[in-house]
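Working notes, beginning with the structure itself.
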Amino acid sequence: MRVPCKNKHPKTDTNTTPVTSPIPFSYYALQLHETTYNGEEVVKRMLFREQGAIFHYQLDNHLLSNPRRSVIDPFGDLVDRIVFAANGNVLYIRLLLRLVETGRLPLRYLLQTNLPADDLDLYGLIMELTFTSPATFARVVPVLDVFLASLRPLDRNTLLSVFNSPKSDVPMMDMQLDEILAILTPLLSFAGNGLIALHDTALREWLLKNATHPKFPSDARHGHILFALHLTQQAPLNSVQLFELAHHLLKAHPYKYMHGKYMPEFTSMKDGQIGWIKQCSDDIRKALFNHRNMFFPNTKASYYYLFPSEFSR
């Protein structure tokens, strides 16, 4: 299909341009020759138009179902406002639209207040809308701590095993976990094979950056110590598991932060982590020799096994 082109390029001998896509890349080319832009400006303009084309339909459908559309968005500039605030961040747009579509964020908010500056700022808003009371967040934060500390996505059974290790301070029943996962649904990603993880790295970054938040504090060290207790239950560990144990102990730093809690024989001494790992291994000398560490070395854990006395100081 070909349509008349209003902006004819001076080097072409035709006044038509092909319509090949809902996103008018050919239109960009015809427009950009008229003025000289730097590369960054060109990319910004292309992203703005592309994202506007992609998300206009989705947001417009939601607006059509709102009887007060003419009052809320009289000039139809809401999509441009969102795309401009996103500054090329597709995750930002998707998160914001999901808040609107699920009814947690009124459309009027998008026009009458300053939009979040970036996806990290947006997650602050999402946390406020998801947890209406400190008690609700306090109930779910142990699960967030475990996801923060995890090296991989987890299934429901693994979560239960981690929380119900013999030395765990947050035992959890099946029904409790299901209720918590339901509350955390906006913040989690559920795969078809049953694996669960944090929704994206921006959420992880927000939780770590705001670990001492007055309303939404989290503690990744708590998650790491729970994983260490979970692995201890499976001893003797193979070399890969020993590396994971060393990783979690290094992150938790039990002597400094646990103050004799959980396993006093190991958490109350400077060199307790070394004894902890030795207890979980038949032959600690083999810990360095595993394929994962040879091809993707964990430098801190390797250094820990090579020079354990340095870490006990």
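The values are calculated or read from the model by the stated rules, or taken from the named source; none is laboratory data. Values in this document were obtained by computation on a predicted structure and should not be read as measured data. Because the Cβ atoms are built from the backbone with ideal geometry, glycine has one as well, and the counts that use them run over all protein chains shown.
You will find that of Asp178, Asp169, the residue that is surrounded by fewer than 16 Cβ atoms within 10 Å (Cβ to Cβ), under 21 Å from Ala252 (Cβ atoms) and more than 17 Å from the chain's Cα centre (by Cα) is Asp169 and no other.
Cβ-Cβ distances below 7 Å connect the following pairs, each with a first residue in the range 96-107 that is hydrophobic (A, V, I, L, M, F, W, C), a second residue that is in a loop (DSSP other than H, G, I, E, B) and surrounded by fewer than 17 Cβ atoms within 10 Å (Cβ to Cβ), and a separation of six or more residues or different chains: Leu107/Asn66.
Tallying residues that are farther than 17 Å from Ala182 by Cα and aliphatic (A, V, I, L, M) within the range 119-163 yields 7.
In this structure, is Ala246 modelled with pLDDT under 90, under 16 Å from Ala149 (Cα atoms), crowded, with 17+ Cβ neighbours inside 10 Å and under 31 Å from the mean Cα position of the chain (by Cα)? Judged against the criteria, Ala246 is a match. Screening the range 161-180 for residues that are without any contact (Cβ under 8 Å) to a residue 60 or more places away in the chain and not in a helix (DSSP H, G or I) and picking the one that is farthest from Phe147 (Cα to Cα) gives Met173.
Set side by side, the residues Leu99, Leu110 differ, and just one is at pLDDT 85 or above, crowded, with 17+ Cβ neighbours inside 10 Å and part of a helix (DSSP H, G or I), which is Leu99.
Of all residues in the range 187-222, those that are part of a loop (DSSP other than H, G, I, E, B) and surrounded by fewer than 17 Cβ atoms within 10 Å (Cβ to Cβ) total 12.
Within the range 88-127, the set of residues being more than 26 Å from Pro217 (Cβ to Cβ) and under 16 Å from the mean Cα position of the chain (by Cα) comprises Asn89, Val90, Ile93, Arg94.
Please verify whether His222 is touching a helix residue (DSSP H, G or I) at 6+ places or on another chain (Cβ under 6 Å) and at pLDDT 95 or above, treating the condition exactly as stated. It is true that His222 is touching a helix residue (DSSP H, G or I) at 6+ places or on another chain (Cβ under 6 Å) and at pLDDT 95 or above.
Would you confirm whether or not the range 261-271 contains a residue that is more than 30 Å from Val90 (Cβ to Cβ), at pLDDT below 85 and of a type in the set (Lys, Arg)? There is at least one residue in the range 261-271 that is more than 30 Å from Val90 (Cβ to Cβ), at pLDDT below 85 and of a type in the set (Lys, Arg). The residues listed here are Arg139, Arg104, Arg152; of these, the one that is modelled with pLDDT of 80 or more and outside the structural domain of Leu208 (by TED's automatic domain parsing) is Arg104.
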